[in-house]
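Reviewing the structure listed below.
The values are calculated or read from the model by the stated rules, or taken from the named source; none is laboratory data. Computed from a predicted structure; not experimentally measured. Here the Cβ is made from the backbone with ideal geometry for all residues, glycine too, and neighbour counts use every protein chain on show. Keep in mind that these areas ignore ligands, DNA and RNA; they rest on the heavy atoms of the full protein, side chains included. Shrake-Rupley method; radii C 1.70, N 1.55, O 1.52, S 1.80 Å.
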Amino acid sequence: MGAAELHKKVVGKLEVGDVLLLCERGIIHSLHRLIQRTKKWHHVLLYVGNGKTLEVTPRKGGHISKLNLTPKRCRKFAVLRSKKLTQSQKKELVQKAIRMFNGKKFFQLQPLKMLLFRDLFPKIRANPCLLTTGYACRSPVTTCSTAVSIIYYAYGQLVSAVYKPEYIMPSDYASPQDFYAIMEI
């Protein structure tokens, strides 16, 4: 199957609000995986529909981009879907994510902060009462994995029951609590 056919097949199965996990090619991405201590995923995107995603990158910060799953870009990828939210809730979630994170700057030190604080201090349990109080990130900066976890947390969906959404790393999406994998290629 060619790259264009694969892309068309994948996009045809995606729903608004799906979470895409990427293992991208290149030395920089290999370094990211090494720093994040993950062999698999190092980039997280939110599918917003019409072949587009909301992603956060060091160069552009939060932005909408055309979905690119070509073999030139990705070694492998996976798609996760919410276990709990309805289609209308996911559409609302995506609109809120665009308002919250589109244009936000990438926080260069967040990966280092996550690595240091996750290992040096006791694990911080996610606060269940935040789920019902309209939790929202007030920081002017973000990363790809935290943006997706923060927006889903605001809708009662957990990536991890152990870490607050600001401390979620791409590797935490390997076995997320409130999601299931619909494909991995």
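Looking only at segment 55-101, filter to residues that are part of a helix (DSSP H, G or I) and among the small types (Gly, Ala, Ser); which one of those is surrounded by the fewest Cβ atoms within 10 Å (Cβ to Cβ)?
Ser88
Among the residues of segment 171-185, write down those that are touching a strand residue (DSSP E or B) at 6+ places or on another chain (Cβ under 7 Å) and modelled with pLDDT under 85. Let's see the steps before the verdict.
Filtering segment 171-185 for residues touching a strand residue (DSSP E or B) at 6+ places or on another chain (Cβ under 7 Å) gives 173, 176, 178-185.
Hit for segment 171-185 is Ile185, nothing else.
Any residue in segment 141-152 that's open to solvent by 10 Å² or more (accessible area, probe 1.4 Å): show its pairings with residues that are of a type in the set (S, T, N, Q) at Cβ separation under 8 Å, as long as the two are six or more apart or on different chains.
Val141/Gln110; Cys144/Thr57
Return yes when Thr70 is at pLDDT below 95, closer than 13 Å to Cys144 by Cβ and of a type in the set (Val, Ile, Thr) and no when it is not.
For Thr70, the condition - at pLDDT below 95, closer than 13 Å to Cys144 by Cβ and of a type in the set (Val, Ile, Thr) - is not met.
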